[in-house]
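Asker: Encoded as structure tokens, here's the structure I'll be asking about.
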Amino acid sequence: MESFIASLNGIIWSPALVYLCLGAGLFFSILTRFAQVRHFGEMWRLLFKDHGSQEGISSFQALAVSLSGRVGMGNIAGVAAAIGFGGPGAIFWMWLVAFLGASTAYVESTLAQIYKVTDTETGQYRGGPAYYFERCLKGPFWKFYGIVFAIASILACGLFLPGVQANGVANAVTEVFGPGDLVNTSLAGEVGVNTLVAVAIILLVLGFIIFGGIKRIANFTQVVVPFMALGYIILALIIVFINLDKVPEMISLIFSDAFTAQAGFGAAIGWGVKRGIYSNEAGQGTGPHAAGAAEVEHPSQQGLVQAFSVYVDTLFVCTATALMILLTGQYNIQGTLPDGQFLVQNVDAATVISSPAFTQMALSQVYGGMGEIFVALAVFFFAFTTILAYYYIAEVNVAYLSAKIGMEGPALLIVKLVIMFMVAYGAINNSGYIWNVGDIGVGAMAWLNIVGILALFFLARPTMRALKDYEEQKKAGVKHFTFDPEKLGIKNATFWEERIKRNNP
């Protein structure tokens, strides 16, 4: 099975997907005239506008839910893996995919807002790729395409990805406290008691929150996510200040190695882009689910907020991890040399590259034993909030499919139980295997979503029309933005059509 997973992962994450992600980001950046730069100030302004309602969450809450998915193991273990397998130059490619990916995040999140719906069971807003694929152009093909994406999302976010996050928590706990006494389990053989305790805590808190719906998830993440991200960045900045004399040399290493990588040019691009997409999720199709749940005056507003979330994830949090690891020299680089030698070996060869170990070692260099505890806490909160985001994505897509057959209630209960089981399963299984499974989920969603939004762009261009309309209203100095899809030639945006009719009877 592990060999099959590795082979399938290699097919999905072929160079074609890497260049598709970069190409789509560049394409949307040019077509939007680099909206991710031009509207940077507007992003900040929109963050603090509270438009929450009984049906929808605020823009900031949607950002927090989205960031809870973006800021996770990819920021700690993922960055370490990018350096360990792709060399320091991989960080440059992570930055590039974030900068370009911000425009992709704008497009997909604006689409989610344009084609969102009000759930008849809960009365709350729902949106995401499955909804905009089906509703933008109508027709049997796009309905089928939406169903395929929904199934892929449920498999990825309900089955594959939660295990990656839970596995990182287990590794972090083991790094700090050791595995503890071994207990024989039917799922994974012998497992340490400390790992089992960590899993039990995660499951208890997870169950309490996910049974409360999107409102409880949003209320939890809007407090935890900013606190954990800011605290993590502050710890990294202290390390930067301590090693300020090494910063120019390190920045030079990142840029030079990006094009003459120690681990190979292709490895730097591949690992940088793969871990960049895994971390910031731009184009993957996960962010639009939270974006579609927001209460906003105009779809482009949430698109811009979600573009900002990519910056927070990669340019701030991932960079913080990279700085800590590189400045302290706590990393190895795995190459293709014969007899398994490392291209660079600064730490114990037995250190697991695709784990939080490099980050823990980096923090320990400055903070001693407390460093490992800091990382363990960061991993716990980063991973836990990401699991919440994955649950919500799975819930939205289960609701999308089950609404077609009238079984939403039982289906949502099943997905809650399944995701809790997968968290337990992922936490106690091999990290390399579980990372490969997660990569398959990310890659499949990215393929479907990016190809789909490119097709929607050429066939309907709803996001460009929405952006132009928003910019015209902003230029006119309106106090309250409005969105009239029929006036803009955007079809099937029924939520906004009904809102216009209610406000203008």
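Asker: Please work out the ratio of the alpha-carbon Rg of segment 76-205 to 2.2 N^0.38 Å and round it to two decimals. Please list the in-between numbers first.
Answerer: Details: Rg = 20.5 Å, N = 130, 2.2 N^0.38 = 14.0 Å.
Cα Rg divided by the expected 2.2 N^0.38 Å: 1.47.
Asker: Arranged by the count of other C-beta atoms within 10 angstrom, fewest first, what order do Arg499, Arg135 take?
Answerer: Working: Arg499 15, Arg135 22.
The fewest-first ordering by Cβ neighbours comes to Arg499, Arg135.
Asker: Say R0 is 30 Å: what FRET efficiency, to the nearest 0.05, do Val37 and Ile242 get from their beta-carbon distance?
Answerer: Approximately 0.40, to the nearest 0.05.
Asker: What residues qualify as long-range amide H neighbours of Val183, i.e. H under 5 Å apart, gap of 5 or more or another chain, H built at 1.01 Å from N?
Answerer: Residues meeting the criterion, in which the H sits 1.01 Å from N, are Val191, Gly192, Val193.
Asker: Follow-up. Tell me, Val197, Val310, Val442 in order of fewest to most beta-carbon neighbours within 10 Å?
Answerer: Numbers: Val197 13, Val310 31, Val442 27.
Fewest-to-most Cβ neighbours within 10 Å comes out as Val197, Val442, Val310.
Asker: To the nearest 0.05, what FRET efficiency results for Ala349 and Ala6 with a Förster distance of 25 Å applied to their C-beta separation? Mind showing how you got there, number by number?
Answerer: Values: r = 22 Å, r/R0 = 0.86.
FRET efficiency, Ala349 to Ala6: 0.70.
Asker: If you don't mind, another one. Run a plain Debye calculation on segment 350-505 (Cα atoms as equal point scatterers, no solvent) and give log10 I(q)/I(0) at q = 0.15, 0.19, 0.21 Å⁻¹, rounded to two decimals, same order as the q list.
Answerer: With no solvent term, the Cα-only Debye profile gives -1.04, -1.23, -1.34.
Asker: How many nm separate the modelled label positions at His480 and Asn503, each set 7 Å beyond the Cα in the direction of the Cβ?
Answerer: The modelled label-to-label distance comes out at 0.7 nm.
Asker: Next question, about the same structure. Dipole magnitude of segment 115-208 about its Cα centre, charges +1 at Lys/Arg Cβ and -1 at Asp/Glu Cβ only, in debye to the nearest 20? Before the final figure, lay out each step's value.
Answerer: Values: 5 positive and 6 negative charges, 135 e Å.
The calculation lands at about 640 debye.
Asker: Listing Cys318, Cys136 from the residue with the fewest other Cβ atoms within 10 Å to the one with the most, what is the order? Write out the running numbers ahead of the final one.
Answerer: Working: Cys318 27, Cys136 24.
With the fewest neighbours first, Cys318, Cys136 line up as Cys136, Cys318.
Asker: Still on this structure: Give the long-range amide H neighbours of Asn346: residues separated by 5 or more places, or on another chain, with amide H under 5 Å away, using H modelled in the peptide plane at 1.01 Å from N.
Answerer: For Asn346, whose amide H was placed from the backbone, the distant partners under 5 Å are Tyr331, Asn332, Ile333.
Asker: Under the Karplus relation 6.51 cos²θ - 1.76 cosθ + 1.60, θ = phi - 60°, what is the ordered set of whole-Hz ³J(HN,Hα) values for segment 75-83, x standing for Gly and Pro?
Answerer: With coefficients 6.51, -1.76 and 1.60, one gets 7, 10, 6, x, 5, 4, 5, 4, 5 Hz.
Asker: Based on the Cβ-Cβ distance from Glu121 to Thr494, what FRET efficiency comes out when R0 is 22 Å, to the nearest 0.05? Can you show the working numbers first?
Answerer: On the way: r = 17 Å, r/R0 = 0.79.
Result of the calculation: an efficiency of 0.80.
Asker: Which pairs, out of Lys475/Lys501; Lys416/Lys468; Lys404/Lys468; Lys138/Lys468; Lys138/Lys475; Lys116/Lys474, put more than 31 Å between their alpha-carbon atoms?
Answerer: Working: Lys475/Lys501 25 Å; Lys416/Lys468 40 Å; Lys404/Lys468 34 Å; Lys138/Lys468 24 Å; Lys138/Lys475 33 Å; Lys116/Lys474 23 Å.
From Lys475/Lys501; Lys416/Lys468; Lys404/Lys468; Lys138/Lys468; Lys138/Lys475; Lys116/Lys474, over 31 Å: Lys416/Lys468; Lys404/Lys468; Lys138/Lys475.
Asker: Going highest first, how would you order 149-160, 199-210 by mean Cβ packing within 10 Å? Don't skip to the answer; put the middle values down first.
Answerer: Details: 149-160: 23.8, 199-210: 16.2.
So the order, starting with the most tightly packed, is 149-160, 199-210.
Bear in mind these aren't lab numbers, they're just calculated from the coordinates by the rules spelled out. Fair warning: this is a prediction, and the values are worked out from it, not measured in the lab. Here the Cβ is made from the backbone with ideal geometry for all residues, glycine too, and neighbour counts use every protein chain on show.
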